[in-house]
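A short worksheet on the structure shown next.
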Amino acid sequence: MKEKNTPMLEVITTHMNADFDALASMVAVKKLYKNAVIVFPGSQEKNLRNFFLHTSSYLFDFAKIKDIDFNAISKLILVDTRQKKRIGKFKELLDRDNVEIHIYDHHPPSDDDIKGDVEVIEKAGAGTSILTKILREKGIKISPDEATLMSLGIYEDTGSFTFSSTMGKDHEAAAWLLEQGASLNTISDMLTRELTAEQVWLLNDLMSSAVKNNTNGIEIVIAKVKSEKYIGDFAVLVQKFMEMENLNVIFALAQMANRVYLVARSRIAEVNAAEIAVEFNGGGHPQAASATISDKTIIQVEEKLKECLLNKVNFERLAKDIMTSPAIHISSDSLISDARRLLTIYNINVLIVIDKEKKVEGYISNQIIDRAISLGLETRPVKEYMNLEFYYVGPSATLREIQDLIINNNVRILPVLSNNDLIGVITRTDLLNILIEHSSKPEFLYDSENVPRFVRKKNIKNMFNERLPAHVVKLLMDLGKVADESGFNAYLVGGLVRDIILKRENLDVDIVIEGDGIQFAKTFASKYKAKVKSHAKFGTANVSMPDGFKLDIATARMERYESPGALPLVELSSLKRDLLRRDFTINTLAVYLNNKDFGVLIDHFGALKDIKERVLRVIHNLSFIEDPTRILRALRFEQRFEFKIGKLTETLIQNAIKINCFKNLSIQRLFTELRLILMEEEPARIIQRMDDYDILKFISPKLTLTNEIKNILIRIKDILVWFNLLYLNIDYEPWKIYFLGLTHSLPDEALHKLAEWGKAQNKDIISLVSARHETRQALKELYRVKEGKNYSIYKILSPLSPEMMLYTMAITRSEKIKRYISLFFTKLRDTKVLLNGKDLIAMGYKPGAHFKIIFDSLLKARLENNLVSKEDEIAFLTKNFSPNSHS
């Protein structure tokens, strides 16, 4: 018994996110500990909060946690839980010798369990049932209100006696409570409340998103929904869905605001819901459990959930289910130093060694590499020191066969071969994780199987026909045919798929191949007489069709970043891994092109839902750290599509900017993204958002968005509208005008520093810096030109590019100068002298430097004296220049 301390305070508490069973258990145990106070450790479920709002008669002796003197607590009574991580601040008491711990719980044991001085732990469908039995045996009386509340706890936690965890003692407890006056009408009202409109929509989205997964032979449904705000009773909706579809197992995820909520339900012994929830710091029963996750996106939670299911679901496993894929390997001709780098990057201990034909030759271990380097052999080839003897298995090898091979033969790494091709590896760590049901899963999980949708697959072939030109649809079908012939899977991915859904124009065809993308491109080009330019480093190819149409083909790949802001390093992977490397969920849609499933849409990451809700969400939490240009892309897409940035994504942007994520970004990449922003239809709005996030300083510390700059950007837009309506057939680049407008107030020193910074990478920066100086000089000269002096206007403006002249119109307040520029574009710009050098020679003029003076005079006369015809020019020439004169 622990030493007692005074003053003595007894506290009754339960788990975070308390439900009716937790509340009822606290009220019941209060009958046993009359001097104790009831305290919630944190939040309660919405049903419970509504109960407090509408039933004041149940407000017993509750205290707020902030009013509790923790130093005075001598006894802690825990009900409906015994897990440390589920009791909030009260876990501080567990290490104090002067605090007694009393536990009343019905949950199965876990590694996080608290050891109590008094423990009443029994199997039951509800914790309230255990306490009801004690009250009944002790002859303790309860009121009808108390009986009703305790019944609520039992009914809720047993699913009205439908959960498989329900036991006879739950029925007995409910029967006794009914005898004590429990109101079934009140119980029915509390447990069968009508769904709100928001809940109906959420339930519909839950059902639409559901996907059936075959995990180690067990069919498990995973569904996920998103909402910008919190919607209560998510667990109720999941239960309804399970009952409506008669599901055996469902794991439902809801991203609401900045949290992800997991609700798990299982009717079969092979899937323990509580065991999975514990991996997310949650808890519950094998049949029903839940967890709340902070600081992770729903995609990250789903990935971890799938990994947990693979490790926790009890079923016979095969090599293809266990293996790590793609297998990290090295060529036998590579150097020992290269092997050390790979081991460090991937944090592994053994590398498979392959030959030029990509066949397994052996393996090399961390220890051998360390010893070789210590002997100064880092420049020797791997093949000189690798192990040549190795065991291997096929993809259908059983766990027992794998275990026997690894344990009996002391195998460190086991290649998995299919037709002598390396498709994965199994290590001793992989096997150990499975045998002890450890939660870790190999980092590089190869997942290319076609995941069947719970609802009917969506085929958008009709959308192709409606929204794409016929020649593009035929091209996609031809790509699918070649993929079938080559034994590859081909997918249309990226912006084109997104824009088909959004009904926006886009003909940028991007293809991903599960297989060798470059080889596929060459095969396709040979068959359809196209040209190919390949990039082996990235596994990509550009294909130009005979009619000039272009498309990009890439091998499905994954990317890793060696440092923040660096360009990614590329490796082969599957479609899902390829999509996972992309920036936002809306860009992760893919469409099958193979003949069998042509037009079937693949949505691994909830892109359709986000497009429907017009929300921009990042795929994983380190996305902006790895590649800060994604922040600029987020702002660009936000304005282009009129989407809103999700709350978590916005927080991640702000956090990335706080740690100066742009510091390692090259000016080339930053300028490229800025140019893309300035090429959008509404660049001024994006620049405003950049200013909102305080991003402009990364272009130049002196760059600020003042009211003057805002007005210039607005005037540029208006001027471009005017200029386009002139239909002058003049080529120009609007983004350059916006760049000049954005940097208009930037001091010369800062602008030249920007040019100096970027001169090695981008000639556009240099030309635009020069343009500003030339434009301002021209502006000064135009101020001095009098009306009607067309020749002077021409001489000043003709050296300037269209972008420079339009920028001048935007920054000047002088209507006269605007008229001059307008006059130049519409009348003066195309003015030409009709006579040429041959004409002058024929008229008796001798060639020489004076020809320039003559032509210049003719141009001036044509611009200001309305010379119209060639005859007018001859008359002017005869009058003003004698053939015998050189001046």
Taking a probe of 1.4 Å and leaving out DNA, RNA and ligands, the chain shows per residue an accessible area in Å² of 47
Can you work out D for segment 203-339 in µm² s⁻¹ from Stokes-Einstein, where Rh is the Kirkwood radius over C-alpha pairs, the temperature is 25 °C and the viscosity is 0.890 mPa s?
152
Accessible-area order for ASP95, ASP478, largest to smallest, probe 1.4 angstrom, reads ASP95, ASP478
Heavy-atom accessible area order for ILE730, ILE369, largest first, 1.4 Å probe
ILE730, ILE369
Provide the gained length on full extension for the span GLU228 to ILE373, in nm with one decimal, where the gain is 0.36 nm per separating residue minus the Cα-Cα distance.
46.8 nm
Once the principal axes of the Cα atoms of segment 55-168 are found, what is the range along each, listed largest first in whole angstroms?
40, 35, 25
Under the Karplus relation 6.51 cos²θ - 1.76 cosθ + 1.60, θ = phi - 60°, what is the ordered set of whole-Hz ³J(HN,Hα) values for segment 365-373, x standing for Gly and Pro?
9, 4, 5, 5, 5, 4, 5, 4, 5
Per residue, how much space in cubic angstrom lies within the convex hull of the C-alpha atoms of segment 770-887?
117
Rounded to the nearest 10, the angle in degrees between the Cα long axis of helix 517-528 and the longest principal axis of the Cα atoms of the chain comes to 50
Placed amide H near ASN213: partners under 5 Å, 5+ positions off or other chain:
ILE220, VAL221, ILE222
Using a 7 Å offset from the Cα along the Cα-to-Cβ direction at both HIS471 and ASN258, what is the distance between the two label points in nm, to one decimal?
5.2
Can you give me the relative contact order of the chain as a percent, contacts being Cα pairs under 8 Å and 6 or more apart?
6
How large is the dipole of segment 702-837 about the Cα centre if only Lys and Arg carry +1 and Asp and Glu carry -1, each at its Cβ, rounded to the nearest 20 debye?
420
Rounding to the nearest 20 debye, state how big the charge dipole of the chain is about its Cα centre with +1 on each Lys and Arg Cβ and -1 on each Asp and Glu Cβ.
3760
In the neighborhood of ALA483, defined by Cβ-to-Cβ distances under 14 Å, what is the net charge if each Lys or Arg adds +1 and each Asp or Glu adds -1?
-2
Could you give the longest part of the chain that holds none of the GluC sites (Glu not before Pro) found in DSSP loops with at most 11 neighbouring Cβ atoms within 10 Å?
4-193
What does the charge dipole of segment 265-393 about its Cα centre add up to, to the nearest 20 debye, if the Cβ of each Lys and Arg holds +1 and the Cβ of each Asp and Glu holds -1?
160
Sort 602-609, 527-534 for me by packing, meaning the mean count of neighbouring Cβ atoms within 10 Å per residue, highest on top.
602-609, 527-534
Qualifying lysines (Cα of each under 19 Å from Cα of LYS474; at least 8 residues distant if same chain)
LYS461, LYS522, LYS527, LYS529, LYS531, LYS550, LYS596
If you wrap the chain's Cα atoms in a convex hull and average its projection over all directions, what's the area in nm²?
52.5
ASP552: net charge of surrounding residues, Cβ under 9 Å, Lys/Arg +1, Asp/Glu -1, itself excluded?
-1
If each of ASN724 and ALA842 carries a label point 7 Å out from its Cα toward its Cβ, how far apart are those two points in nm?
4.6
For segment 821-865, place one equal point scatterer on every Cα, skip the solvent, and apply the Debye formula. What is log10 of I(q)/I(0) at q = 0.14, 0.17, 0.21, 0.31 Å⁻¹?
-0.40, -0.55, -0.73, -1.12
Can you give me the angle between helix 707-725 and the longest principal axis of the chain, using Cα atoms only, in degrees from 0 to 90, rounded to the nearest 10?
60
Let's test the formula: R0 of 51 Å, r as the Cβ-Cβ distance of ASP694 and SER822. What FRET efficiency results, to the nearest 0.05?
0.85
So, over other residues within a Cβ distance under 10 Å of GLY159, counting Lys, Arg +1 and Asp, Glu -1, the net charge is -2
Give the Kirkwood hydrodynamic radius (Å, one decimal) of segment 272-368, defined as one over the mean of 1/r across all pairs of different Cα atoms.
16.6
Can you pull the Rg over Rh of segment 607-715, Cα-only, Kirkwood?
0.96
Relative to the first principal axis of the alpha-carbon coordinates of the chain, what is the inclination of helix 802-811, with its axis defined by its Cα atoms, in degrees from 0 to 90 and to the nearest 10?
70
Return, for the Cα atoms of segment 301-441, the radius of gyration and Dmax in Å, separated by a comma.
15.7, 48
Using a simple spin-label model with points 7 Å from Cα along the Cα→Cβ vector, what separation in nm is obtained for ALA197 and PHE62?
3.0
Expressed in nm to one decimal, what extension gain is obtained for the pair ASN248 and TYR391 from 0.36 nm per residue of sequence separation less their Cα-Cα distance?
47.5 nm
Indicate, rounded to the nearest 5 percent, the antiparallel portion of the DSSP beta bridges found entirely in segment 106-256.
40
Considering only protein heavy atoms and a 1.4 Å probe, what is the carbon-and-sulfur percentage of the accessible area of the chain?
49
Over segment 667-759, what per residue volume does the convex hull of the Cα atoms give, in whole Å³?
101
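The values are calculated or read from the model by the stated rules, or taken from the named source; none is laboratory data. Source: prediction; values computed, not measured. Here Cβ is always computed from backbone atoms with ideal geometry, including for glycine, and neighbour counts include all displayed protein chains. Ligands, DNA and RNA are excluded from the accessible area calculation, which covers all protein heavy atoms including side chains. Shrake-Rupley method; radii C 1.70, N 1.55, O 1.52, S 1.80 Å.
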